[in-house]
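Data block below; observations after.
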Amino acid sequence: MKTQVAIIGAGPSGLLLGQLLYQNGIDNVILERKSGEYVLSRIRAGVLEHTTVQGLEKAGAAERMHREGLVHEGVELVFNHQHIRVDFEKEIGKHVVVYGQTEVTRDLMDARAATGGITVYEAQDVALHDIDGNQPYVTYTHNGETHRLDCDFIAGCDGFHGVSRQSIPADVLKTYERVYPFGWLGLLSDTPPVSEELIYAKHPNGFALCSQRSTTRSRYYLQVPLSDTVEDWSDERFWAELKNRLPPAYAARLITGPSLEKSIAPLRSFVSEPMRYHALFLAGDAAHIVPPTGAKGLNLAAGDVQCLADAFADYYGNGSSAGIDGYSERCMKRVWAAERFSWYMTKLLHTFPDGDEFEEKMQQAEFNQLKLTEHAAKLLAENYVGLPY
Ligand code: APR
Ligand code: PHB
């Protein structure tokens, strides 16, 4: 098989890139290790920045999101039961759209099926070859047979544990990492959200987040020690601890119900630079991870692939290599800005097991600043709704 761009991974990065390339008349094939059902079973954040919405529009996959997505004009932050609402519209005249990543993925899969794009699911043993030469290609096995995919470029959209980043020589990559000493226990339930807007709450016992997927489906999170397992947390224990960490007025109106899903995720900041090595371009989680506290993961991925699609369109349409040569540098500015914001939100709102009273006072002072100075709230709003890519 031959194509212009071989895309490794059918998560949101790979699928969005595939559709953006299709819209520009650029042929592409996606190779995904798992099945389509498995990809759709992964539950992740669901806050879309304006530029992510634009990306889905350009990809022809925004119709249901516009119909069903919930426009959020602000967010609530709670610090030891003191509240502050950051009003995005007032501060910077923008909003975010709450729409689950699973739904984004489903819409992109449907758009791809409608345009006849090839996605090979359950492609095993994907290996990248000759990425620093003139004729890169990818090999994989499918249904027991080995295949070869020749291409001009390879887009590594295969997440943190994928093969793409690992195919770059170690002495070329510089990596940066911060692992946080706690995880998030998430619970999904068919119960109406406790509030119309998201609530990020800090409590001496740890962080809590009230999020949502729709007006009838909620997603809640609790900061838990990394040594905890899902079995340690019955639904009853989860709801009791969530109520404990929320201000009493919210605790009183929280509607609980059986969990549809519960899982624990570790929190990590990670960046590998550069995002390009000859014919290979990394995008999304393959190149960087953020802790979920700012809901930036999907949005960073969407920004990367929009840059990459623009770069390939310029290359194939105008014969210019400027976009592909500038890809890594262009992405990195936004990546580091989002890394900073996610780290800031994580530090502000969690209880650190090794933290002392001084750290606590710094968190409180930081939170007070959001209340006291308009500039601080504006800066938070600007970062939350997303910086331009
Ligand atoms: N070969 C083929 N596919 C692979 C391989 C491999 N060796 N390794 C991983 N994959 C696939 C995974 O199965 C997954 O479907 O690559 C895909 C990567 O998808 P994601 O992990 O969702 O990463 P990405 O598309 O960059 O999306 C970023 O996902 O993790 C969240 O917070 C993150 O919301 C952000 C978004
Ligand atoms: C979610 O809805 O899963 C979610 C929302 C906001 C975050 C993280 C996760 O910051």
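At-a-glance table
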{"item": "Residue match in the stretch 207-230 (condition: in a helix (DSSP H, G or I), away from ligand 2 (no atom under 11 Å from the Cβ) and either aromatic (Phe, Trp, Tyr) or surrounded by fewer than 22 Cβ atoms within 10 Å (Cβ to Cβ) (or both))", "result": "yes"}
{"item": "Any pair with Cβ under 9 angstrom, 6 or more apart, that starts in the stretch 337-354 at a residue that is farther than 18 Å from PHE79 by Cβ and ends at one that is open to solvent by 30 Å² or more (accessible area, probe 1.4 Å) and in a loop (DSSP other than H, G, I, E, B)", "result": "ALA337/LEU387; ALA338/LEU387; PRO353/PRO225"}
{"item": "Which listed residue is touching a helix residue (DSSP H, G or I) at 6+ places or on another chain (Cβ under 9 Å) and free of Cβ contacts under 8 Å to residues at least 24 places away in the same chain, from GLN369, GLN306, GLN363", "result": "GLN369"}
{"item": "Residues satisfying the stated conditions in the stretch 92-112, i.e. in contact with a Leu (Cβ under 8 Å, 6 or more places away or on another chain) and either away from ligand 1 (no atom under 16 Å from the Cβ) or outside any helix (DSSP H, G or I) (or both)", "result": "VAL96, VAL97, VAL98, TYR99"}
{"item": "Helices (runs of 4 or more DSSP H) wholly inside the stretch 7-87 that include at least 2 residues being without any contact (Cβ under 8 Å) to a residue 60 or more places away in the chain", "result": "36-41, 50-58, 63-68"}
{"item": "Filter result (buried (at least 19 other Cβ atoms within 10 Å of the Cβ) and among the basic types (Lys, Arg)) within the stretch 268-287", "result": "ARG276"}
{"item": "Filter pass, LEU40 being over 27 Å from GLU261 (Cβ atoms) and under 17 Å from the mean Cα position of the chain (by Cα)", "result": "no"}
{"item": "Out of LEU173, LEU185, sole residue that is buried (at least 16 other Cβ atoms within 10 Å of the Cβ), aliphatic (A, V, I, L, M), away from ligand 1 (no atom under 16 Å from the Cβ) and more than 26 Å from GLN223 (Cα to Cα)", "result": "LEU173"}
{"item": "The stretch 289-321: number of residues that are within 16 Å of ligand 2 (Cβ to nearest atom) and either of a type in the set (Gly, Ala, Ser) or outside any loop (DSSP other than H, G, I, E, B) (or both)", "result": "11"}
{"item": "Residue that is open to solvent by 40 Å² or more (accessible area, probe 1.4 Å) and either in contact with a Phe, Trp or Tyr (Cβ under 9 Å, 6 or more places away or on another chain) or modelled with pLDDT under 95 (or both), where the choices are ARG85, ARG33, ARG67, ARG106", "result": "ARG33"}
{"item": "Residue that is of a type in the set (A, V, I, L, M), in contact with an Asp or Glu (Cβ under 7 Å, 6 or more places away or on another chain) and buried (at least 19 other Cβ atoms within 10 Å of the Cβ), where the choices are ALA201, ALA123, ALA155", "result": "ALA123"}
{"item": "Among (1) surrounded by 14 or more Cβ atoms within 10 Å (Cβ to Cβ); (2) outside any helix (DSSP H, G or I), the one test that GLU241 misses", "result": "(2)"}
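The values are calculated or read from the model by the stated rules, or taken from the named source; none is laboratory data. Small disclaimer: the values here were computed from a predicted structure and weren't measured. Every residue, glycine among them, receives a Cβ derived from its backbone with ideal geometry; neighbour counts consider all protein chains shown. With ligands, DNA and RNA removed, areas are computed over all heavy atoms of the protein, side chains included. Shrake-Rupley method; radii C 1.70, N 1.55, O 1.52, S 1.80 Å.
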